[in-house]
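Participant: Dumping the structure here so I can ask a few things about it.
Values in this text are rule-based calculations from the coordinates and carry no lab data. Everything numeric in this text was worked out from a predicted model, so none of it was measured. Backbone-built Cβ (ideal geometry, glycine too); neighbour counts: all protein chains shown.
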Amino acid sequence: MMGAEHMFLYLDSCHNTMRLHRIVATEHQERERGYERMRGSRITYVVVKSNETLADLSQRYGITHEELRQLNPGLQEIVVGDVVKVWTHGGETREPKAGQQFVLGFYAGPMGVSLPGSQASLHQHSALLSAIAPYWFDLHLGSAGQIKSRVAAATIRTQVADAHRRGVKVLASIHNTDKRPGTSRTQVLHSAITANRTVFVRNVLRLVEEYGFDGVNLDFERLKPGDTANYTAFVRELASQLHGQGKLLVVDVLGDANHQPFSMDFDYPGLAASVDYLGIMTYDEHKPAQGSPGPVASLPWVERTVRLAINAGVPPRKILLGIAAYGYDWTDNNPGARALSYAAIQRLQSQHKATAQFHPTYRVPHFDYRDARGDLHHAWYEDARSLSLKLDLVRRFNLGGILHWRLGLEDPASWGPIRAKLSPIEK
């Protein structure tokens, strides 16, 4: 086996940014330094953040206090700014290729007139897509560690082959969005990543092999309280298995700008250490269930989310920025909101002769109108202009690419900024 790849993370005082330097050392050199290299492991150098303790490092990286002391002779206590070595497990480091952007588009069938399917968008824009993540698989609520398919096997094979012919990778996207009365989705996920972890990993690998997927996308948006470390350990094990077969692993996490419930469940840097990309879902800043009209993803909120992730220790090139392609139609004094594609929103605007405005602070379009009953509506959505401004964040922070929810809902003009600002696209 080739020598371990060492990742050195340090603070550049001149620019006040976190930069990632790669230091390569052979196994022979490691032994000369007195380290017993663990097979399938690597050493990561991390900068201690404010109020961080040895216990925090131990939990984040799955390393014992004794291992920390072996790697850092004389280490007793740590203070902010200290550079500490830690083991991370789960295969060799897989850094995204510098200069290439990874564009991952979620893919789904039609959900009524207001939410068309993704196939036409895939066919028209395959040159600008690295991969798709079809919304096909869920955790089986009735059997821990098992995976339930939403579509027929023949459909999966046909659509995977179609994407491959177009030069687009396909990731098996697994969710925990299925619902059943009397069943806790978070408890099912807890069982899958703890007591049934071996079974679950085996089933994921079998799924990849059966349909010829190029990797896996994990989209588990809710964890059981206390499962943060369990999920990170599960991802580390799955990544090791997938990377050993040359497959990709993308893990999606909720945006964290306002410390919303569930977003704090995820160990951003711990997950990023194992995966190819961390997809940060920077959308639904204003959620339908909360009943408060507002932007799907205002530019300041998205930027704060990115900064928080990077400041937490996530390498920028590992981040896929979540891009919304839809909008919500809110009605005063009514709970919830109606999700609409860009095309459906344009029809709504035309029908009610509403005048759209571009919010000067949020940097997204919106308009108001009254329906036939006189109720006041507020439509907030995304278009090519708002998307283009978010792509500037990808360039400014040197992120790995974007996570697009979802193909078929977008403003058709948005592919122009994607081509102009994200090329070359990783294939």
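Participant: How much net charge surrounds Thr355 when only other residues with a Cβ under 14 Å from its Cβ are counted (Lys, Arg +1; Asp, Glu -1)? Show your work: numbers first, answer last.
Facilitator: On the way: positive: Lys353, Arg370; negative: Asp368.
For residues surrounding Thr355, the net value is +1.
Participant: For region 186-192, in order, what is each residue's ³J(HN,Hα) by Karplus, 6.51 cos²θ - 1.76 cosθ + 1.60 with θ = phi - 60°, in whole Hz (x at glycine and Pro)?
Facilitator: These are the phi-based 3J(HN,Hα) values: 5, 5, 5, 5, 4, 5, 5 Hz.
Participant: Size of the dipole of region 261-339 about the Cα centre, Lys and Arg at +1 and Asp and Glu at -1 on the beta carbon, nothing else charged, in debye to 20? Intermediate results must be reported in sequence, preceding the final value.
Facilitator: On the way: 6 positive and 8 negative charges, 41 e Å.
Using only the charged Cβ atoms, the result is roughly 200 debye.
Participant: Quick one: what are the phi-derived ³J(HN,Hα) couplings along region 282-290, Karplus 6.51/-1.76/1.60 with θ = phi - 60°, whole Hz, x for glycine and proline?
Facilitator: The phi angles translate into 7, 8, 6, 4, 10, 8, x, 5, 7 Hz.
Participant: Label 7 Å along Cα→Cβ of Glu95; region 282-323 residues with amide nitrogen under 12 Å?
Facilitator: 315-318
Participant: Measure out, as a whole number of angstrom, how far apart the alpha-carbon centroids of region 174-235 and region 305-336 sit.
Facilitator: Centre-to-centre (Cα) distance: 22 Å.
Participant: Taking amide H positions as placed 1.01 Å from N in the peptide plane, with prolines and chain starts having none, which residues 5 or more places from Asn72, or on another chain, fall under 5 Å of its amide H?
Facilitator: So Asn72 has HN proximity to no qualifying residue.
Participant: Based on DSSP, what percent of beta bridges with both residues in the chain are antiparallel, to the nearest 5?
Facilitator: Values: 35 of 72 bridges.
Bridges in the chain are about 50 percent antiparallel.
Participant: Which of the trypsin sites (Lys or Arg not before Pro) across region 262-368 are loop residues per DSSP, with 15 or fewer other Cβ within 10 Å?
Facilitator: Details: sites: Arg304, Arg307, Arg317, Lys318, Arg338, Arg347, Lys353, Arg363; in loops: Lys353, Arg363.
Sites meeting the loop and neighbour criteria: Lys353.
Participant: What is the sum of charges, Lys and Arg at +1 and Asp and Glu at -1, for the other residues whose Cβ falls under 10 Å from the Cβ of Ser341?
Facilitator: Values: positive: Arg347, Arg406; negative: Glu410, Asp411.
Surrounding charge for Ser341 is 0.
Participant: On to the next question. Subtracting the Cα-Cα distance from 0.36 nm times the residue separation, let me have the gained length for Lys287 to His123 in nm, one decimal. Walk me through the numbers on the way to the answer.
Facilitator: On the way: separation 164, 0.36 × 164 = 59.04 nm, distance 3.07 nm.
The Lys287-His123 span can extend by a further 56.0 nm.
Participant: May I ask for the net charge around Pro365, where only other residues with Cβ less than 14 Å from the Cβ of Pro365 are counted and Lys, Arg are +1 while Asp, Glu are -1? The partial results should precede the final answer.
Facilitator: Working: positive: Arg363, Arg385, Lys390; negative: Asp329, Asp368, Glu382, Asp383, Glu410, Asp411.
Net of charged neighbours comes to -3.
Participant: Shifting gears a bit: Normalised by the residues of the chain, what does the relative contact order come to in percent, with Cα pairs under 8 Å and at least six apart?
Facilitator: Computed value for the chain: 16 percent relative contact order.
Participant: Under a Cβ-only charge scheme (Lys and Arg +1, Asp and Glu -1), can you give me the dipole magnitude of region 190-277 about the Cα centre, in debye to the nearest 20?
Facilitator: On the way: 7 positive and 12 negative charges, 65 e Å.
It comes to approximately 320 debye.
Participant: Roughly how many debye, to the nearest 20, is the charge dipole of the chain about its Cα centre, given +1 on each Lys and Arg Cβ, -1 on each Asp and Glu Cβ, and no other charges? Intermediate results must be reported in sequence, preceding the final value.
Facilitator: Details: 48 positive and 43 negative charges, 163 e Å.
Computed about the Cα centre, the dipole is about 780 debye.
Participant: Right, here's the next one. Binning at 20 Å from 0, report for the chain what percent of all alpha-carbon pair distances ends up in each bin.
Facilitator: Binned Cα distances yield the sequence 25, 57, 17, 1.
Participant: Give, as ranges by residue number, the residues of region 167-187 whose backbone N falls under 19 Å from the point 7 Å along Cα→Cβ of Ala153.
Facilitator: 172-173
Participant: Note down, for region 302-350, the three equivalent ellipsoid semi-axes (square root of 5 times each alpha carbon gyration tensor eigenvalue), biggest first, whole angstrom. It would help to have the intermediate numbers written out before the result.
Facilitator: On the way: eigenvalues 217, 41, 10 Å².
Rounded to whole Å, the semi-axes are 33, 14, 7.
Participant: OK, next. Taking just the alpha carbons, could you work out the radius of gyration and Dmax for region 122-278, both in angstroms?
Facilitator: In order Rg, Dmax, the Cα atoms of region 122-278 give 15.4, 44 Å.
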